[in-house]
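Remarks on the structure that follows.
The values are calculated or read from the model by the stated rules, or taken from the named source; none is laboratory data. Just so it is clear, the model here is predicted, and its values are computed rather than measured. For neighbour counting, all protein chains shown are included, and Cβ atoms are generated from backbone atoms with ideal geometry for every residue, glycine included. In case anyone asks, the SASA skips ligands and DNA or RNA and just uses the protein heavy atoms, side chains included. Shrake-Rupley method; radii C 1.70, N 1.55, O 1.52, S 1.80 Å.
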Amino acid sequence: MAATNVEVWQHATVVDVQDVAAGIRRIVLEPALPKTAEPGAHIDLKVRIAGQEDRRSYSIVDSADGGRRLALSVLKAPASRGGSEFMHTLAAGDTLEVTQPLQNFPLRVGAEQYILLAGGIGVTAMINMARVLKAVKADYRMVYAGRSRDAMAYLDRLREEHGDRLQVHVDDEATSLQVGELVAGADMDTELYMCGPIRLMDAVRRAWTERELPVANLRYETFGNSGWYDPEEFVVRIPRLGIEATVGQGRSMLEALEEAGADMMFDCRKGECGLCEVRVLALAGAIDHRDVFYSERQQHAAEKMCCCVSRAVTSGTGAQSDAVPGRGPAVVTIDVS
Amino acid sequence: MTAAVQTASSTTHKVMGHPLNAWYVAGWDHEVTRKPMARRIANRPLALYRTEDGKAVALADACWHRLAPLSMGKTMGKDGIQCPYHGIVYNSAGRCVSMPAQETINPSATVPSFPVVERHRYVWVWLGDPTRADPDLVPDMHQMDSPEWAGDGETIHADCNYQLVLDNLMDLTHEEFVHSSSIGQEELSESDFVVSHEGNTVTVTRWMHNIDAPPFWLKNMRDKFPGFEGKVDRWQIITFQAPSTICIDVGVAKAGTGAPEGDRSQGVNGFVMNTISPETDRSCHYFWAFMRNYRLDSQLITTQLRDGVHGVFGEDEEMLKAQQQAIDANPDYEFYNLNIDAGGMWVRRLIERMLVAEGRMASAVQAGI
Ligand SMILES: Cc1cc2nc3c(=O)[nH]c(=O)nc-3n(C[C@H](O)[C@H](O)[C@H](O)COP(=O)(O)OP(=O)(O)OC[C@H]3O[C@@H](n4cnc5c(N)ncnc54)[C@H](O)[C@@H]3O)c2cc1C
Ligand code: FES
Ligand code: FES
Ligand SMILES: [Fe+2]
């Protein structure tokens, strides 16, 4: 929605920080130019990583008082380049540069039935949606899956707000989400909104397609960094340009190629648009496709990859259990446009 | 900013902003078809069309990809519309359902789809917060499609801020000057009127007792009472429903037969139905109809009344356009208010309250300056 995504940058002051789950911190901001955040909206903000300015996106969990107070919640990412670590250093009184709310994940009011699916930190994008659906008396269900209860933010609050409409699945309590069952509960008029790890979303997409439910009713947002495999260091080569670069664990292939001097095209940098596509000429290992641009068939063919998010891994068979990081690095030989 | 805005005691804005949390008419029911059409409402260009099942749809008239107007595209499948440029197909919810030259769909590819309600022969659209789009908030214009009323209307594309049309309709003393050959008469500006307001409505009531019927009303009386001669009691009861609907209960009855007390059997009664949708800050779509509750079966009378009112409103249209031009040509002059503006001033106050509630008062007014 082009019209609502005009970036207006402004100062914001941190007014409150609070831990809301293991590794997850709630950060409340007071922006200089308040604007109400619609459900599904996020802000972009400037982070400092090793003295360098960079940019990260965070969903708006709560937008109180016409957008005068915006609450974010940030998970300290495991192999972080530093963005989420920076966010965890913020304290009340700090200021930062943020955009007004941006919207790539709009909630449509008026569907017959809704399922909201949150996986882990993806819950941040769903909280405001659930609140609005409750307010308009929609027929909705919120499904919240996580590894362990202490790492799941806002559980109590959601239980209080949504009662029986909330369904919780916790891996280490042996109540893991069964994607097949979840999707079996959807019909032609159900809209499913989800945000979570790519594996979860892939599984839902597959089940959704198998049931021949309308693709347009499956709505999701990617946070742009989770994959099927743990990130490994790997090597990328472009013979035509004489480039060989090592992609470190905490860096993307696109960044590594840019640094090595390749003139790269891109737009979203989160695996949605397909503009960063590269052609795979040879491969020692497997590709961890982390995009949502290619169909499953195309990902399987492994002829191309979105280098902003996807990576090479050491798995002879492509099976996760066959990845042997120690034996690496994987090597991918490509050509670019 | 002009002086009109800075004068705190006066809220007589020359260019009024429009609330967004409201239903506006996007078109007559018969205008919206399987062939997409373009119409701008409240500064938002819309593509309007119907699904195969006949449901009216209002999408933003700009494709997600390169903003090509969807209204130039064609409807597709059950409820879709295809962008005329590179072929992206959207469903009625504004979701992309097919993307050219790729096997998947970019999840962010959507265009806004606005809530729509079809009622009273109109297609209404809600451009504000969709969670507040309650169909019960559609203004009451039941005469439009009630079996007890017959009539028809048209649309005027008025080259003026919508508030000028509301001002025009809330004070009918102008009939004496603008419509002297049809419905005007000097008793209009001489007779007293009563203004009241309640909730989101404002009412202006005017009775003229024992007067000669002007040409328009004499003809109507003779349609019901062939050969009628003599004095009449005439009424105009103007009811505004915020933000931009005005239904006017008008009529005349044989003088002294009890019409003011409620017995209208010796008279003719019409309802002038008006609902105005801002287009830009300086133009609007003015939907009107004239409904009557006598000789319901006469298509001849329906056509004659529609054509008659068409002529009358043509005179308003010209005045409104000239007024807007004079306003723009004189940015340093303010509006002043007369006692006859009481109805219009209440209208402004109710609209301003809606704008304040939306947090848009300052910006909505400034945008127009
Ligand atoms: C619209 C949107 C909303 C978001 N909302 C939230 C939110 O509400 N809360 C929240 O915590 N986060 C959210 N995110 C994610 C957030 O923007 C950051 O990506 C996140 O905080 C991690 O940043 P980082 O710099 O700490 O870690 P990164 O350095 O980005 O690392 C995160 C993980 O991804 C791997 N990785 C890093 N770079 C790449 C790469 N290029 N390719 C593949 N793998 C890589 C790392 O090894 C690590 O495991 C959102 C993202 C988007 C796009
Ligand atoms: S830049 Fe959009 S998919 Fe990589
Ligand atoms: S502008 Fe609509 S598909 Fe390109
Ligand atoms: Fe008039």
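The residues on offer are A:Glu272, A:Glu296, A:Glu303, and the sole one that is more than 16 Å from ligand 4 (Cβ to nearest atom), in contact (Cβ under 8 Å) with a residue 60 or more places away in the chain and within 14 Å of chain B (Cβ to nearest Cβ) is A:Glu296. Going through region A:60-83 one residue at a time, which ones are at negative phi and open to solvent by 10 Å² or more (accessible area, probe 1.4 Å)? Residues satisfying the conditions are A:Asp62, A:Ser63, A:Ala64, A:Arg68, A:Arg69, A:Leu75, A:Lys76, A:Ala77, A:Pro78, A:Ala79, A:Ser80, A:Arg81. Could you say whether any residue in region B:83-101 is away from ligand 2 (no atom under 16 Å from the Cβ), of a type in the set (Lys, Arg) and within 14 Å of another protein chain (Cβ to nearest Cβ)? Yes, the conditions are met somewhere in region B:83-101.
Restrict the check to region A:223-245 and report whether at least one residue is among the aliphatic types (A, V, I, L, M), within 14 Å of chain B (Cβ to nearest Cβ) and within 25 Å of the chain's Cα centre (by Cα).
As a first pass, look at region A:223-245 and keep what is among the aliphatic types (A, V, I, L, M): A:235-236, A:238, A:241, A:243, A:245.
Still in the running and within 14 Å of chain B (Cβ to nearest Cβ): none.
Looking through region A:223-245, none of the residues is among the aliphatic types (A, V, I, L, M), within 14 Å of chain B (Cβ to nearest Cβ) and within 25 Å of the chain's Cα centre (by Cα).
Consider region B:158-199 and keep the residues that are more than 16 Å from ligand 4 (Cβ to nearest atom) and of a type in the set (S, T, N, Q). The one that is modelled with the lowest pLDDT is B:Ser191.
Restricting to region B:175-186, give me the number of residues that are without any contact (Cβ under 8 Å) to a residue 60 or more places away in the chain and crowded, with 17+ Cβ neighbours inside 10 Å. Total meeting the criteria: 4. Only one entry in B:Pro130, B:Pro107 is of a type outside the set (A, V, I, L, M, F, W, C), without any contact (Cβ under 8 Å) to a residue 24 or more places away in the chain and out of contact with any Pro (no Cβ under 9 Å at 6 or more places or on another chain), namely B:Pro107. Pairs linking a residue in region A:172-198 that is of a type in the set (Phe, Trp, Tyr) to a residue that is open to solvent by less than 30 Å² (accessible area, probe 1.4 Å) and assigned to a strand (DSSP E or B), with Cβ atoms under 9 Å and 6 or more positions apart or on different chains, are A:Tyr193/A:Tyr114; A:Tyr193/A:Ile115; A:Tyr193/A:Leu116; A:Tyr193/A:Leu117; A:Tyr193/A:Leu218; A:Tyr193/A:Arg219; A:Tyr193/A:Tyr220. B:Leu20 meets the conditions (1) buried (at least 20 other Cβ atoms within 10 Å of the Cβ); (2) not in a loop (DSSP other than H, G, I, E, B) in every case but one. The failed one is (2).
Quick check on my filter: what residues within region A:118-139 are away from chain B (no Cβ under 14 Å) and surrounded by 21 or more Cβ atoms within 10 Å (Cβ to Cβ)? Within region A:118-139, A:Ala118, A:Gly119, A:Gly120, A:Ile121, A:Val123, A:Thr124, A:Met126, A:Ile127 meet the criteria. Which of (1) exposed (fewer than 15 other Cβ atoms within 10 Å of the Cβ); (2) under 22 Å from A:Gly224 (Cα atoms) does A:Leu281 not meet, given it meets every other one? Only one criterion is unmet by A:Leu281, namely (2).
Inclusion of A:Val15 among residues that are within 21 Å of A:Ala130 (Cα to Cα), open to solvent by 20 Å² or more (accessible area, probe 1.4 Å), away from chain B (no Cβ under 14 Å) and β-branched (Val, Ile, Thr) is not warranted. Looking only at region A:179-224, residues that are surrounded by fewer than 19 Cβ atoms within 10 Å (Cβ to Cβ) and among the hydroxyl-bearing types (Ser, Thr, Tyr) come to 1 in all. In region B:193-205, the residues that are within 12 Å of B:Gln236 (Cβ to Cβ) reach residues that are open to solvent by 70 Å² or more (accessible area, probe 1.4 Å) with C-beta atoms within less than 8 angstrom, at least six apart or across chains, in these pairs: B:Thr203/B:His197; B:Val204/B:Val194; B:Thr205/B:Val194.
Could we say that A:Val292 is β-branched (Val, Ile, Thr) and within 13 Å of ligand 1 (Cβ to nearest atom) here? I'd like the intermediate steps shown before the answer.
Values: β-branched (Val, Ile, Thr): yes; within 13 Å of ligand 1 (Cβ to nearest atom): yes.
Yes; evaluated as a whole, the condition is true for this residue.
Of the candidates A:Gly261, A:Gly326, the single residue that is open to solvent by 30 Å² or more (accessible area, probe 1.4 Å), assigned to a helix (DSSP H, G or I), away from ligand 2 (no atom under 13 Å from the Cβ) and away from every other protein chain (no Cβ under 14 Å) is A:Gly326. Checked against (1) under 28 Å from the mean Cα position of the chain (by Cα); (2) modelled with pLDDT under 95; (3) open to solvent by less than 50 Å² (accessible area, probe 1.4 Å), B:Ile41 meets all criteria but (2).
Which one of these is over 18 Å from B:Asp129 (Cα atoms) and not assigned by TED's automatic domain parsing to the domain that holds A:Pro197: A:Ala91, A:Ala41?
Values: A:Ala41 fails: over 18 Å from B:Asp129 (Cα atoms).
Answer to the selection: A:Ala91.
Within region A:107-117, work out how many residues are within 12 Å of chain B (Cβ to nearest Cβ), surrounded by fewer than 23 Cβ atoms within 10 Å (Cβ to Cβ) and of a type outside the set (D, E, K, R). Looking only at that region, the number is 3.
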